[in-house]
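The values are calculated or read from the model by the stated rules, or taken from the named source; none is laboratory data. Keep in mind that this is a model prediction, so the values were computed, not measured. Cβ placement follows ideal geometry from the backbone for every residue including glycine, while neighbour counts extend to all protein chains displayed.
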Amino acid sequence: MTKVDVLLGLQWGDEGKGKIVDVLTPQYDIIARFQGGPNAGHTLEFEGNKHVLHTIPSGIFRDGVMNVIGNGVVIDPVIFQKELEKLAPFKLDIKSRLIISKKAHLILPTHRLLDQASEHAKGHDKIGSTLKGIGPTYMDKTGRNGLRVGDILLPNFKEKYDALVAKHVGILSHYEGFTYNLSELQDTWMEGLEILKGFDSIDSEQYFYEARKAGKKILAEGAQGTMLDIDFGTYPFVTSSNTVTAGTCTGLGVPPNSIGRVIGIFKAYCTRVGSGPFPTELLDSVGEEIRAEGKEFGATTGRPRRCGWIDLPALKYAIMINGVTELSMMKADILSIFDEIKVCTHYMVDGKRMDYLPYDIANMECTPVYENVKGWKKDLTGLTSYADSPAELKAYVEYLEQKLDVPVTVVSVGPDRSQTLNN
């Protein structure tokens, strides 16, 4: 049986996973999303076009490749419909390229309302939710109240839907001053649901078993990043799913011994959207320079991303948790503006030196300690071969490989799929 390769983010999301999935897709038969929801924004650029995918896997543009939305994903029919509409001009035969797990959960309009009401009530303590209803949907999933894609075709679907909505409306009544128009939201949602019905839904665990048995090559595509994992991220400022390699098993229905390559994606620096700890964040002009040069604004929310230098303790932690076998370094071209690059090698916590991520950095003084590395000060965007890279860039890559003990096999020097160098 073939193994399932995994590609995931090692930081706080936005690492560039969509681009690398798109680049790697020709090597695979199946691309499968295993967790998260439309809070993901996977950006792909090629042939002068920029595409942002939220629910649909990033292999959708390649002929002859099947894309699967796994059971660990939560789906909003409204956003799914909008995604399809944006892809319509490209004349893709999406129905022949996309199938959906019957066990994937549905985001209801009232899930979005609950998300908005809850975040608003938290005030200064808000966690930075994208307000897409992801958290409340996962809460209903674990609370055994959720609605799944397979339920759509059941004769009692409307009854189940009405019961869950009634429960949500009861909860919303406790949020003083929160107003909404549910009937308007429901009409759009039901329209999206009809579109969703038009796609083949499958028992994905059986599908992957048969595919592996037939020798099909599978790539599992993660969303968000390791540092946003519900168990291993910077809790409580995290997402509601397992973003790590282990999430592939529960999010697709494949056994642990089926995991093959684990490709970890990281930026040559660090970013974070929303609230939560960020030890290497730069609140000065350097942070502003990185944001401007890297166009660091959320693909889903448009929010400006917080920017900082690369954080090796957090990266080593992510590599350990995920069992990463190879690394892809993204956005190397953005650091071309600097004479010198800083690398966080360890933290000082309560006077102690730590080179790993301690428990609950949200509530402790965590001071980064840096080493300086010479910058390359050259435009990388026209490079077509890693061999032609500036010596300083190669030295930076070798430095990271030595510190992280994992090979960097890909260096990205621009947003287009062609701007990808193999090391």
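What to note about this one:
- All positions within the range 1-36 that are surrounded by fewer than 24 Cβ atoms within 10 Å (Cβ to Cβ) and in a loop (DSSP other than H, G, I, E, B): M1, T2, K3, G16, Y28, D29
- Residue match in the range 86-106 (condition: buried (at least 23 other Cβ atoms within 10 Å of the Cβ) and assigned to a helix (DSSP H, G or I)): no
- Among all positions in the range 166-177, there is no residue which is within 24 Å of the chain's Cα centre (by Cα), outside any helix (DSSP H, G or I) and at pLDDT below 95.
- Unique match (being under 18 Å from the mean Cα position of the chain (by Cα), within 27 Å of T110 (Cβ to Cβ), of a type outside the set (S, T, N, Q) and part of a loop (DSSP other than H, G, I, E, B)) among Y235, Y180: Y235
- None of I69, I60, I30 is of a type in the set (V, I, T), touching a residue at least 40 places away in the same chain (Cβ under 8 Å) and on the phi < 0 side of the Ramachandran plot except I30.
- Across the range 327-361, the qualifying residues are those that are more than 27 Å from the chain's Cα centre (by Cα) and within 22 Å of F237 (Cβ to Cβ), and the one among them that is surrounded by the fewest Cβ atoms within 10 Å (Cβ to Cβ) is D350.
- Within the range 205-232, the set of residues being among the charged types (D, E, K, R) and outside any helix (DSSP H, G or I) comprises K216, K217, E221, D229, D231.
- Filtering L404, L357, L383, L421 for residues that are in contact (Cβ under 8 Å) with a residue 60 or more places away in the chain and out of contact with any Asp or Glu (no Cβ under 8 Å at 6 or more places or on another chain) leaves a single hit, L404.
- Within the range 184-224, the residues that satisfy the criterion of being of a type outside the set (G, A, S), free of Cβ contacts under 8 Å to residues at least 60 places away in the same chain and more than 16 Å from V149 (Cβ to Cβ) are E184, D187, Y209, E210.
- Taking the conditions (1) at pLDDT 90 or above; (2) small (G, A, S); (3) more than 14 Å from the chain's Cα centre (by Cα) in turn, G72 satisfies each one other than (3).
- Lone unmet requirement of (1) outside any loop (DSSP other than H, G, I, E, B); (2) surrounded by fewer than 17 Cβ atoms within 10 Å (Cβ to Cβ) for G302: (1)
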